[in-house]
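Reviewing the structure listed below.
The values are calculated or read from the model by the stated rules, or taken from the named source; none is laboratory data. Since this is a predicted model, take the numbers as computed values, not measurements. Backbone-built Cβ (ideal geometry, glycine too); neighbour counts: all protein chains shown. When the accessible area is computed, the model is the full protein with side chains, heavy atoms only, and any ligands, DNA or RNA have been set aside. Shrake-Rupley method; radii C 1.70, N 1.55, O 1.52, S 1.80 Å.
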Amino acid sequence: LDTLEKWVTEIFSEIPNNGLPKPSFGHLTQPFDTPEFHKLYRVVPIRKVHSLTITWALPPQEQYYRVKPLHYISWLVGHEGKGSVLSFLRKKFWALALYGGNGETGFEQNSTYSIFSISVTLTDEGYKHFYEVWCPAAVVSCCFPNVWENESVPFCVQVAHVVFQYVKMLQKRGPDQRQVIWEEIQKIEANEFHYQEQTDPVDYVENLCENMQLFQKEDFLTGDQLLFEYKPEV
């Protein structure tokens with residue numbers, strides 16, 4: 001450690017400190033408030049793959065790094081068990097995989113906005129039905145109990161519609177009843193942090209330098225990996 005400190009002092013001590021505050025672009029509100037963002041884009045892939053990606057532009061979330069609300073939501077959306085989005089889509093033979101999340105740095109999260117995306121890898125059959133298909137409400141309610149209460153008539157279901165309905169369900173029920181889930185995620189991330197493999201020193205230093213721009217001093221080493229506080233209001 002003494003040797004490393006000596007190297008850092010020799011190499012970086014000559015860099016002047018201009019005393020400038022960290023730049024912020026928080027005044028640039030609603031960067032995606034444009035008609036081009038509220039559209040469906042079809043892109044022809046090079047590989048034979050069908051993928052549906054839904055993207056939301058949100059207010060900046062980096063200040064909530066101790067809570068990590070988007071990380072928590074991505075766990076719920078990415079759940080593969082009974083009652084999940086992917087479970088329903090697989091029963092319909094519409095999807096192979098589903099991923100939801102936020103990169104927490106760079107383009108996806110900064111002082112101006114945060115991006116949250118849900119990407120569904122579709123089967124050939126799912127691609128045919130991603131736009132819409134009609135089916136009885138009972139078929140959907142068996143996979144999403146209590147979401148479509150008192151629904152007795154057929155209605156339009158599509159892959160995108162199912163995703164939005166699941167997000168709506170999470171919003172309607174709120175986070176108050178899910179603290180046990182948050183605590184489970186917290187324990188998993190803590191175990192992964194404590195038993196992670198040793199990384200390349202250069203990559204580790206680079207990551208720490210980035211953390212120094214984002215977190216409080218006490219969180220430089222852990223701020224990008226651990227969950228610290230459960231705040232349902234966030």
Taking a ≥ b ≥ c as the square roots of the eigenvalues of the Cα gyration tensor, with a/c under 1.5 meaning rounded and otherwise prolate when a/b exceeds b/c and oblate if not, the chain is prolate
Degrees separating the helix 159-173 axis from the principal Cα axis of the chain, which is the longest one
70
Placing unit charges on C-beta atoms (Lys and Arg positive, Asp and Glu negative, everything else neutral), compute the dipole magnitude of the chain about its Cα centre in debye, rounded to 20.
1380
Counting all C-alpha pairs of segment 25-80, share separated by more than 14 Å (%)
71
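Please give the net charge around Asp224, taking every other residue with its beta carbon less than 9 angstrom from that of Asp224, where Lys and Arg add +1 and Asp and Glu add -1.
-3
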Near the amide H of Ser51, under 5 Å away, which other amide H atoms are found, from residues 5 or more places off or on another chain, if H is placed in the peptide plane?
Leu122
Restricting to Cα pairs under 8 Å and 6 or more apart, the percent relative contact order of segment 1-127 works out to 31
What number, rounded to the nearest 500 deg cm²/dmol, is the helix-based mean residue ellipticity at 222 nm of the chain, given -39500 (n - 2.57) per DSSP H run of at least four residues and division by all its residues?
-10000 deg cm²/dmol
Lys pairs in the chain with Cα under 16 Å (8 or more apart in sequence, or on separate chains) total 8
Amide H within-cut-off set for Ser114, under 5 Å, with H built and near neighbours excluded
Leu58, Gln61
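Excluding ligands, DNA and RNA, what is the solvent-accessible area per residue of segment 173-217 at a probe of 1.4 Å, expressed in Å²?
Accessible area per residue, segment 173-217: 83 Å².
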Of Ser87, Ser51, which has the most accessible area and how do the rest follow, probe 1.4 Å?
Ser51, Ser87
Rounded, prolate or oblate for segment 173-217? Axes are the square roots of the Cα gyration tensor eigenvalues, ordered a ≥ b ≥ c, and the cut-off for rounded is a/c under 1.5.
oblate
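Val234 to Thr123: FRET efficiency via 1/(1 + (r/R0)^6), r the Cβ-Cβ distance, R0 35 Å, to the nearest 0.05? Kindly include the intermediate steps, with their values, before the conclusion.
On the way: r = 36 Å, r/R0 = 1.04.
Plugging the Cβ-Cβ distance into 1/(1 + (r/R0)^6) gives 0.45.
Which whole-number percent gives the relative contact order of the chain, counting Cα pairs below 8 Å spaced six or more residues apart?
Answer for the chain is 21 percent.
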If I compute solvent accessible area with a 1.4 Å probe over the protein chains, what percent of it on the chain is carbon and sulfur?
57
Would you mind putting 214-220, 168-174, 66-72, 22-28 in packing order, based on average other-beta-carbon counts within 10 Å, highest first?
66-72, 214-220, 168-174, 22-28
